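The values are calculated or read from the model by the stated rules, or taken from the named source; none is laboratory data. Bear in mind that the values here come from a model prediction, so they are computed numbers and not experimental data. Please note: Cβ atoms are built from the backbone with ideal geometry, for glycine as well, and neighbour counts cover all protein chains shown.
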Amino acid sequence: MYNSPVSLPQLNLGGLRDISGEVLKSLSSEETQPSQPSDTVTLNREQKEAGKSEKADSVSVAAPSDPQAGKKKELLLSLIEDHTGSADLDRLTAKLSSFTLDMIQKVKAHGVTVHILRDKPGEGDIKPTDLGFGHDLDNNGKIEVGKWVDLDGNGAEDPGEREDFTSGGYSWNTVNGAYDTKTNILFYKEGEVNDASDYHDASILHEFSHSVDDAVRNDEGSSDWGQQIDKNFKEAGEKKTGHGFVDGYAAYDNAEYLAQSTAAYLTDRDIPDDPANDESLYFAPDNITRAHLKKKDQAMYLFLDEKFTGQG
């Protein structure tokens, strides 16, 4: 979820964005995925399974010899306010340690908090709506699950009139992970954290990238970050030489461009990419690799390489 100043076409997001819920149907939901308008993106369960890999090492994480590994883990643990067990903490911090210490420090300074939530919450367990994901349509200070508010007074339920619903017509409580820049809250479901498939690994990196982007753009000493990302996004859309999109979802807007590109850069694995995914708006794990990013968008690859290694 990303509370971006950039609006998605024809979608009333209320400042909330995510990779697996607002634009992509939550894969944790057991309900049949509803049909959606052409301006939303869906990813069905069969596509998820087709993209699943048994390899748990597909994401680059901080090597044991990394002298900053301990400090990274300490900072990452300090961000996490809710979790469902020590295994969650170990796996999530290992995945996110692929970000630089400076990035993690900026996220910390920006006041980001991370919450690992249960896939099937019981009584008293925190849910995304408890964290403010949704819309307080009647201004009573809370988001109530299933509550309908007749905003236009026509006596019929219209899109956007359920407090806990996304614009896609399903509850925020079925979403796997999201970030909100209005509150600086990032959450993941436990299944997202503990599933080692390529889809979920890339999704975790994608969501944290939103928090990094938000934090760095709001850091006074990092003005070139946003300017360069926005420039690369614009020139990718113009199909200038050396510019492009790692997959179709990266073309959605500059926030998703950065998040998809970063997830790809940090995923160093050898797998043939699928050209059919280049134009698709599906989140395509087969194309979220460093090699594919370098091939499709050399400018963004070099930008990220400089930011992560100092060797553009």
- line: Filtering region 209-224 for residues that are touching a residue at least 40 places away in the same chain (Cβ under 8 Å) and assigned to a helix (DSSP H, G or I) leaves a count of 9
- request: Kindly indicate whether N173 is out of contact with any Lys or Arg (no Cβ under 8 Å at 6 or more places or on another chain) and either on the phi < 0 side of the Ramachandran plot or of a type outside the set (S, T, Y) (or both).
  value: no
- request: Can you confirm whether region 255-263 contains a residue that is touching a Ser or Thr at 6+ places or on another chain (Cβ under 7 Å), crowded, with 20+ Cβ neighbours inside 10 Å and either at pLDDT below 90 or part of a loop (DSSP other than H, G, I, E, B) (or both)?
  value: no
Candidates V149, V175, filtered to the one that is closer than 24 Å to R118 by Cα and not small (G, A, S): V175
task: Considering only residues that are outside any loop (DSSP other than H, G, I, E, B) and surrounded by fewer than 24 Cβ atoms within 10 Å (Cβ to Cβ), look in region 264-278 and name the one that is modelled with the highest pLDDT.
output: P275
message: Just to be sure before I move on: is K147 among the basic types (K, R) and in contact with a Ser or Thr (Cβ under 9 Å, 6 or more places away or on another chain) in the structure I sent?
response: no
field: Per-region count, region 124-163, residues closer than 20 Å to E190 by Cβ and acidic (D, E)
entry: 2
task: Hey, could you check region 143-182 for residues that are closer than 22 Å to G111 by Cα and modelled with pLDDT of 90 or more and say which is surrounded by the most Cβ atoms within 10 Å (Cβ to Cβ)?
output: Y179
message: Based on this model, can you work out whether Y252 counts as hydroxyl-bearing (S, T, Y), farther than 19 Å from K294 by Cβ, crowded, with 17+ Cβ neighbours inside 10 Å and touching a residue at least 24 places away in the same chain (Cβ under 8 Å)?
response: yes
Close pairs (7 angstrom Cβ cut-off, 6 or more residues apart or separate chains): in the same structural domain as L76 (by TED's automatic domain parsing) and part of a loop (DSSP other than H, G, I, E, B) in region 115-144, surrounded by 15 or more Cβ atoms within 10 Å (Cβ to Cβ) and polar (S, T, N, Q) anywhere: R118/T84; D119/S28; K127/N173; G132/T183; I143/T129
